[in-house]
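Computed from the coordinates by the stated procedures, all read-outs in this text should not be read as laboratory data. Computed from a predicted structure; not experimentally measured. When we count neighbours, we look across all protein chains shown, and the Cβ atoms used for this are built from the backbone with ideal geometry, even at glycine.
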Amino acid sequence: MIEVKNLTKRYGNHEAVKNASFTINDGEVVGFLGPNGAGKSTTMNILTGYLSATSGTAKINGYDILENPIEAKRHIGYLPEQPPLYLDMTVEEYLDFVYYLKNTSLPKRPHLAEICQLVKIENVKKRLIRNLSKGYRQRVGIAQALIGNPDVLILDEPTVGLDPMQIIEIRNLITQLGRNHTVILSSHILSEIQAVCERIMIINQGYIIADGTAAELSETLSEDYTVVAQIIGPPREVKEALEGVKGVKNIKVMGLFGKATEYHIEPEMGVDIRRGIFERVVAKKWTLIDLTTRKMTLEDIFLKMTEESPERLNRIFEARKNGEEIPEFDEEGNEITKDDEIDSVEEIDEIIENKETTAEAEMPQELEDTLQFENEKVVVDLSDIESVEDEKTEESEVTE
Amino acid sequence: MFTIFKREFRAYFTSPIGASILMMFYFFSGLLFGVIFASGVSELSEMFSTLFIIVMAIIPILTMRLFSEEKRQKTDQLLYTAPIRLSSVALGKFLAASAVYAIALAILVVYQIIIAFFVSPDWMVFFGNFLGILLYGCSLIAIGMFVSSLTESQVVAAIITFAIELVLLLVELITQFINSDWLTKIVTEISIYEKYNSFTRGTLDYSNIVFFISVIAIFVFLTIRVQDRKRYA
C-alpha cells in the first residue's frame, strides 16, 4: 500500500508537484497520465526515495521513505525513465550486481532465471548491455526492477521509444505483473494507460486533476451525451417542434452560426433522436445543416484537462474537492456562468433581427458583384477548360 | 558496500581506464627506477620523492568517472533507490579506486626486490615510504571522488581535481611571500606535499598518518553529504 500525503516538491521557484495526496491499495494497477513535464517522474522519484519531497510524506507499506528509507526501498522495484544500466556489463553480470545490491534472501539462480524467463531476455544473457537494442534494454530494466520480488513496481514511461510490437509485448508483461504486484505506471499516451490500468490519475502542472477508473472519469468529467443540431428556421418554432420529438429531454438554444441557430439537444438515456429530429425538420421545410452527437471521450477529457491554465485547474480542483459542480470555461478562459446561456427564445429572435438588419445594410454592392462574377467564371472554366488552360500558358510565356 | 566495490573495481578493467593508468604508472616509475639504478643509488627513497608527480597525474583519471559517469548514465537512480546506505556507495567507490591505485604501487615492491639482489636494503625505510605514497594517493582519491560527485562531466572532474592537486603543491611556494607567522604555519599544516615529503625523508611521524587519514575521512564524508543533498536539489 502506498500512502502519499500533501506531497510538494519545489525546484527553486518552480513547484513540480503541488500538494499531492493519494492512496494506492495492494494489487492496484495505477496509471499516471499527463503531458511531458507534468510532474509524473518527480512524483515517482520521490516515491522511490531518489528525490526528497520539499514537504509532505510518502509511505510504502507503512514505511516512510524518508525516515525508514532502507525498509521502504526494499518493497519497491523501480524502472526510471531511462533504464539505469551499466553499458559495460553483460546482462548476467548486471542482474547479479542488482541481486547483491538489493541484498535479497531469495535463492539467486532460480530467482534470476525466473525473471529472465518472464521478461524474455534469456537469449541475450551473455551479451554486453551496450550492444542491446532499446527494446531489450527496457526489458533488462524491468528485470532489474523485479529482482527481490518487491510488492510495488514503479515504471516510468516503460514503452517510450519502443516499436509497436515491443509496446504490445511490454503492455502484456505489465498486465501479467499486475496480477500479483501493485503497479504504478506513467505515460503521456492515454490509450496505453487505458489498456493497462484500472485506475487513472491525470497529472498536470504538478496537480493531480483527476483520479478514478476510466469509466468514472468519463462519467464525472464529461458532459452527457448531447446532439448538436444547426437548423435554419425560426428558433421559437424549431424549439417547440423539436420538443415534440420522441426521446428529447431538454433543448438549449445556443446561438447563431451564420444563418443557422445551434441547438444542444439532450436525449433520454439510450435513445437515438437524430432520425426523429431530421424527419421533423424536413416535414417543417426548414434546413438542417449540421447534426452531430457529442460525447467526451477520455481523450477529450485528457486534452481538456491538460490544456487548462493552472488558475483554472486550481478552480476545478477546489470544486472537485468541495463536491461542487465542475466549472466550465470559454475560449478566453473566463468561467461560463448560467447567465451566458441563451435560454429565452425571445432573446434569440432579437439577436436574429439585429443581425439580419445589420447584415443587409452592411453588405456592399461590390462584394455581391464579385460573388456573382466568381460564380460565372466557374461556369466558363468548366465548359471551356482547355481554352482557359491555353490562355494561362500564353500568359506565363509572356511573363517569362 | 562490497557489491559496489566489486562492480566499480571491475569497471576499471572492462574499460581502458584501469589498464592505461597501470601502464602509465609502470612506464614512468620504471623509467625513474632505471635512472636511479643506473646511477648506482642503493635505495628507493630518492625515487619516492619524484614519484608523487606521476601519482598526481594518474589520480584525476582514476577518480573522474566515479560519480559523474553514474549521473550521466542515470545509473545513480539504481543505486539511490536500492535498499543500501549512501555511505556504502561512497566507501565502495573509494575502496575500488584505492585498490587500483594499490595495484599500481605494487610494482614498487618489485623494484625493491630487484635492489635487494645487489645490496641489503633498509626494508623499514621502504615500508615507510610505501605507506607515505599510499596514504598520499588515497587522500587525493578521496578529494577526486568528492569533485566527481559534484559534476556530471568526467573531463571537468579530472581538470578540477588536477587543479586542486596543483594548488596543494604550490601552497608551499606561497609561504615564502607571507610575512605573518601564523598564516605560514596554517599553510604549511595543510600542505599535503610537505607531509608526504616527511615520509620520504624516512621519518615516520604518526601525526602525518593521522593527517592523511583525516583528509580521507573528511572527503568521503563530504561525498556522502553531497549525495544526500542532491535529493533536495
Quiz item: Label points 7 Å out from Cα along the Cβ direction at A:Met254 and B:Ile213: separation in nm?
Solution: 8.1 nm
Self-check item: Equivalent ellipsoid, the range A:110-232 (semi-axes from 5 times Cα gyration tensor eigenvalues, Å)
Solution: 36, 17, 12
Practice problem: Kindly express, to the nearest 10 degrees and within the range 0 to 90, the angle between helix B:2-14's C-alpha long axis and the longest C-alpha principal axis of chain B. | Solution: 70 degrees
Quiz item: In nm, to one decimal, how far is the B:Arg231 label point from the A:Phe22 one, both placed 7 Å along Cα→Cβ?
Solution: 2.2 nm
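Grab the beta carbon distance between A:Glu268 and A:Asp349, set R0 = 30 Å, and tell me the FRET efficiency rounded to 0.05. Walk me through the numbers before you get to the answer.
Details: r = 28 Å, r/R0 = 0.94.
E(calc), rounded to 0.05, equals 0.60.
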Exercise. Report, as an integer, the average count of C-beta atoms from other chains found within 10 Å of each Cβ along B:69-80.
Key: 6
Quiz item: Distance in nm between label sites at A:Lys246 and B:Arg85, each 7 Å beyond Cα in the beta-carbon direction?
Solution: 8.0 nm
Practice problem: Determine the equivalent ellipsoid of the range A:97-155 by diagonalising the alpha-carbon gyration tensor, then write out the semi-axes as square roots of 5 times the eigenvalues, largest first, rounded to whole Å. | Solution: 19, 13, 10
Practice problem: Which order do the peptides A:152-160, B:127-135 take when ranked by the mean count of other beta-carbon atoms within 10 Å per residue, highest first? | Solution: A:152-160, B:127-135
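How much length is gained if the chain between A:Ile232 and A:Thr213 is pulled fully straight, taking 0.36 nm per residue apart and subtracting their Cα-Cα distance, in nm to one decimal?
Length gained between A:Ile232 and A:Thr213: 2.7 nm.
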Self-check item: Dimensions in Å of the range A:185-288 - Rg and Dmax from alpha carbons
Solution: 19.1, 55
Self-check item: ³J(HN,Hα) computed for each position of the range B:99-107 - Karplus, 6.51 cos²θ - 1.76 cosθ + 1.60, integer Hz, glycine/proline x
Solution: 5, 4, 4, 5, 5, 4, 5, 4, 4
Quiz item: What's the center-to-center distance, using Cα atoms, between the range B:66-120 and the range B:207-230 in Å?
Solution: 15 Å
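Give me the orientation-averaged projected area of the Cα convex hull of the range B:51-182, in nm², one decimal. Provide the component values of the computation, followed by the final result.
Values: hull surface 45.5 nm².
Spelled out: convex hull of the Cα atoms, projected over all directions, averaged, 11.4 nm².
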Quiz item: Using θ = phi - 60° and the Karplus curve 6.51 cos²θ - 1.76 cosθ + 1.60, what whole-Hz ³J(HN,Hα) does each residue of the range A:192-204 get, with Gly and Pro shown as x?
Solution: 5, 4, 4, 6, 10, 9, 7, 10, 10, 10, 8, 10, 8
Self-check item: Cα gyration tensor, the range A:1-158 - rounded (a/c under 1.5), prolate or oblate
Solution: prolate
Self-check item: For the range B:1-106, alpha-carbon Rg and Dmax in angstrom
Solution: 16.9, 58
Self-check item: 20 Å cut-off, amide nitrogen to a point 7 angstrom out along A:Asn13 Cα→Cβ, residues in the range B:193-233
Solution: B:233
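Which of B:Lys71/B:Lys185; A:Lys59/B:Lys71; A:Lys18/A:Lys102 have a Cα-Cα distance over 28 Å? Could you put the intermediate results ahead of the total?
Details: B:Lys71/B:Lys185 40 Å; A:Lys59/B:Lys71 26 Å; A:Lys18/A:Lys102 31 Å.
With Cα atoms farther than 28 Å apart: B:Lys71/B:Lys185; A:Lys18/A:Lys102.
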Quiz item: What share of all Cα pairs of the range B:2-231, in percent, falls into each consecutive 5 Å distance bin?
Solution: 1, 7, 14, 17, 18, 15, 12, 8, 5, 2, 1, 0
